[in-house]
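Right, one structure below, let's go through it.
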Amino acid sequence: MPQMTMRDALNQALHQEMERDERVIVLGEDVSGGAGGTSGEREASGGIFGVTKGLLPRFGAGRVIDTPISESAIVGAAGGAALAGLRPVAELMFADFVGVCMDQIYNQIAKFRYMFGGKSRCPVVIRMAMGAGMNMGPQHSQSIYALMTAVPGLKVVVPSNAYDAKGLLIEAIRDDDPVVFLEHKALYPRKGEVPEKPYTVPFGEAALVREGEHVTVVAIARMVPFAERAIDALAKEGITCDLIDPRTTSPLDFDTIVESVEGTGRLVVVDESPPRCSLAADIAATVAERAFGRLKAPIAQVTPPHTPVPFAPALERAYVPGPPRIEAAIRHVLKVS
Amino acid sequence: MSDSARLDGTRLLRAYRQMKLIREFEERLHVEIATGEIPGFTHLYAGQEAVAVGVCEQLGDADYIVSTHRGHGHCIAKGCDVGGMMKEIYGRRDGLCHGKGGSMHIADIDKGMLGANAIVGGGPPLAVGAAIACKLRGGGHVSVAFGGDGSANQGTVFEAMNMAVVLQVPAIFVFENNGYSEHTGCDYAVGSKDLTARARGFGLVAECVDGADFHAVYDAMGRAVERARAGGGPSAIEARITRFYGHFEGDPQKYRARDEVARHRETMDCLKRFRERMRAGGELAEAQLDAVDAEVLALIERIVADAKAAPPPVEADLYTDVYIHY
Ligand SMILES: Cc1ncc(C[n+]2csc(CCOP(=O)(O)OP(=O)(O)O)c2C)c(N)n1
Ligand SMILES: [Mg+2]
């Protein structure tokens, strides 16, 4: 199987779905770039992270739409086009920019199907780059999946690797509900095996990334490779863990998590979003509710502190939960039980 | 007599020094960023200096500005400490924002600098708020929103312009039209292709100036400030300008004609234009300007060395300046 970066896997998914279904369009800032430039070169960009490269030359400016800097209109237009029968994939350059277009996400597209009594479909995908780790500062580094997960009517996808990214993006485009698709920018170069052919990864099915007996670890997006490192290091001491990657936070596969905790009796949740009202808190609460009797130790949550994401490398390193903190949390739940 | 015709030698020399300081600050960053030592994402202001300086030379510490992701020039022109700025850009503990903000978030409230902003269109509504405060206090102060041609397409900017007109507050919207928003041309993204007319459509008094001409910017700003201070309400200025580097450092600039920047460095360099004007008018001697150049270069040398040597923040700093942490 070919090795591919997550960036290329996402790019391939877009190519294949646009090829398969002419209702699929892509819109956003600089998704191709070059329009109105002086070099005469179109596709001067291909997306700031290169995910939409090659789409304009292949599918043309009718379906690959460069927009002005107008996030509300980008997301709103995607929603309207979806109501009118297209399957738009809108891009927000950075997930932080949901702040600009929250109404269109929160009050508009998330509500249509329910509010219109099931008479409408809004098959829009909103892709966005999230996450800390590149010293981009407080307004370009946030992990917003908890915010998005809190909104009924939205599906929320958080791939951790290239294989899942491709399959989940194809699933998102084919899904009839609005999907917020969050790509961790530090994962774009992460390589994995990716089949050439189109395939889907279903929503609401977690992946069991490692199997073990002592502790259940649930990790999201970039926290998955970090948890792998911590878990693999502990395996040398005979400590083994289940590592669960939910892959989508809405719907969330609680069953797989609860089942695993029923076996291990211990849970560590690793989450890059701020701790209050987080996925970590949400998963911990559900496990406490559904598997209280099986817990041998208090649940541990590994999150950043409840602060904005700082710029300076020394501070950002301290902010992001890394393998040492995950390892310490696993040791902690083993010690206290 | 125009405002600029009234500038004496001291003021002219100061304006030149401010522009030169911005230029050399950015030229040096261009070199230092290439070494990989500077973290994050930096947008250089080189080429646009006459706009920031032409605008800010009309302001005092009690006037406000809000800035953009391309904010170093605005900060320097408004009087931010360049040593503190350089340290901030390097992510140092005693940087102007203690390393928490970086290049895109430099702020100095005491200087009336309400912050660079990494959200395009984030600033103008804040500028309207500051203008409300100015109006309420009655001291005749003004508030300026800097923004690019790309920002002019953001709904928040439309809302801010309209509200400024409705409330008749002393706000001045300065659009620096450098022809591009990231990798997309202004002629594509601004549907009407005319930012000045757009501002007029909102009811603002608006004019368009050559952004490489310090005197032209200064005079246009003088008219806007005078109107605002006299209670005549908001204005807009579109400054046509160019940027000498890519959108951010590392941008391959494939959207730009190969010789565009070289051409613009010849014809749209505000420093060259300023020097030529001084030579023609005789207000400042060549030797005075050369002395400023030397002084500025030495200053940049010093602040870069200081920034490199300065210590990074410590982990405990992560938890300060936030109401609580968990
Ligand atoms: C809300 C928002 N959308 C998009 C971006 C990404 N972005 C940063 S700068 C920029 C271009 C801004 O163009 P312009 O306003 O002309 O300013 P210039 O860069 O030319 O100074 C874009 C699209 C952003 N930072 N914030
Ligand atoms: Mg611009």
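The values are calculated or read from the model by the stated rules, or taken from the named source; none is laboratory data. Please read all numbers here as calculations on a predicted model, not as lab measurements. We place every Cβ from the backbone using ideal geometry, glycine too, and count neighbours over all the protein chains shown. To get the accessible areas, we keep the full protein, side chains included, count just its heavy atoms, and leave off ligands, DNA and RNA. Shrake-Rupley method; radii C 1.70, N 1.55, O 1.52, S 1.80 Å.
Just a few scattered comments:
- What separates the Cα centres of segment B:101-140 and segment A:12-64 is a distance of 36 Å.
- Considering only alpha-carbon pairs that sit under 8 angstrom and 6 or more positions apart, the relative contact order computed for chain A is 16 percent.
- Using C-alpha pairs under 8 Å with a sequence gap of at least 6, the mean separation divided by the residue count of segment A:207-336 gives a relative contact order of 29 percent.
- Average beta carbon contacts from partner chains per residue of B:254-261, 10 Å cutoff: 5
- Mean-position separation - Cα centroids, segment A:205-277 and segment B:268-326, in angstrom: 49 Å
- Accessible area per residue, Å², segment B:4-310 with all protein chains present, probe 1.4 Å: 35 Å²
- Other protein chain Cβ atoms within 10 Å, averaged over every residue that makes up B:176-184: 6
- If the segment from residue A:134 to residue A:237 were pulled out straight at 0.36 nm per residue, it would be longer than the present Cα-Cα gap by 33.8 nm.
- Share of alpha-carbon pairs per 5 Å distance bin for segment A:179-239, given as whole %: 3, 12, 20, 23, 20, 12, 7, 2, 0
- Structure-based [θ]222 nm, the protein assembly as shown - -39500 (n - 2.57) summed over DSSP H runs of at least 4, per residue, nearest 500: -12000 deg cm²/dmol
- Computed with a 1.4 angstrom probe on protein heavy atoms, the A-B interface buries about 3500 square angstrom of accessible area in total.
- Electrostatic bookkeeping for residue A:278 treats Lys and Arg as +1 and Asp and Glu as -1; over the other residues with beta carbon under 11 Å from its beta carbon, the sum is -2.
- Carbon/sulfur fraction of accessible area - the protein assembly as shown, other protein chains in place, 1.4 Å, %: 53 percent
- Reported value for segment A:207-336: 100 Å³ per residue, from the convex hull of its C-alpha atoms.
- Residue with peak Gaussian network fluctuation, chain B [Cα springs, cutoff 10 Å], from B:104, B:86, B:278: B:278
- Directionally averaged projected area (convex hull, Cα atoms, segment B:219-277), nm²: 6.0 nm²
- Summed residue charge, Cβ within 11 Å of residue A:176's Cβ, Lys/Arg positive, Asp/Glu negative: +3
- In straight-distance terms, cross-link reach from residue A:197 covers every one of the lysines whose alpha-carbon lies under 24 Å from its own, apart from those fewer than eight places away in the same chain; here that gives A:53, A:166.
- Centre-to-centre, using Cα atoms only, segment B:33-96 and segment B:177-195 are separated by 24 Å.
- Kirkwood Rh in Å, taken over all unlike Cα pairs in the protein assembly as shown: 26.4 Å
- Residue A:229 accessible area, 1.4 Å probe, all protein chains in place, Å² to nearest 10: 150 Å²
- Simple Cβ-charge dipole of the protein assembly as shown, Lys/Arg +1 and Asp/Glu -1, about Cα centre, in debye nearest 20: 580 debye
- Mean per-residue shielding of peptide A:25-37 is 5, counting Cβ atoms of other chains within 10 Å of each Cβ.
- Rotationally averaged projected area of segment B:180-228 (alpha carbon convex hull; nm²): 4.2 nm²
- Summarising the overall dimensions of segment A:71-134 from its C-alpha atoms, the Rg and Dmax are 12.3, 43 angstrom.
- For chain B, the membrane-span-like helices by this rule, meaning whole DSSP H stretches whose C-alpha atoms cover at least 27 Å of axis and whose Kyte-Doolittle mean is 0.0 or above, are B:286-309; this says nothing about an actual membrane.
- For chain A, a Kirkwood hydrodynamic radius built from all Cα pairs, placed in the Stokes-Einstein relation at 37 °C and 0.692 mPa s, yields a translational diffusion coefficient of 161 µm²/s.
- At R0 = 45 Å, FRET efficiency that the Cβ-Cβ distance of residue B:110 and residue A:20 yields, to 0.05: 0.15
- Of B:150, B:250, B:112, the residue with the greatest mean-square motion in the GNM of chain B, using alpha carbon springs below 10 Å, is B:250.
- Taking chain A as a Gaussian network of alpha-carbon nodes connected by springs under 10 Å, the highest mean-square fluctuation of the residues A:109, A:231, A:48 belongs to A:48.
- Counting charges near residue A:115 (Lys, Arg +1; Asp, Glu -1) among other residues having Cβ under 14 Å from its Cβ returns a value of +3.
- Take B:293-302, B:134-143, A:26-35 and order them by the average number of nearby Cβ atoms within 10 Å per residue, most first; the result is A:26-35, B:134-143, B:293-302.
- Label-reachable residues, segment B:208-242, where backbone N falls under 15 Å from a point 7 Å from residue B:272's Cα toward its Cβ: B:212-214, B:242
- Once all protein chains are placed together, residue A:53 keeps about 90 Å² accessible to a 1.4 angstrom probe.
- Across the alpha-carbon set of segment B:4-310, the Rg to Rh ratio works out to 0.95, Rh being the Kirkwood radius.
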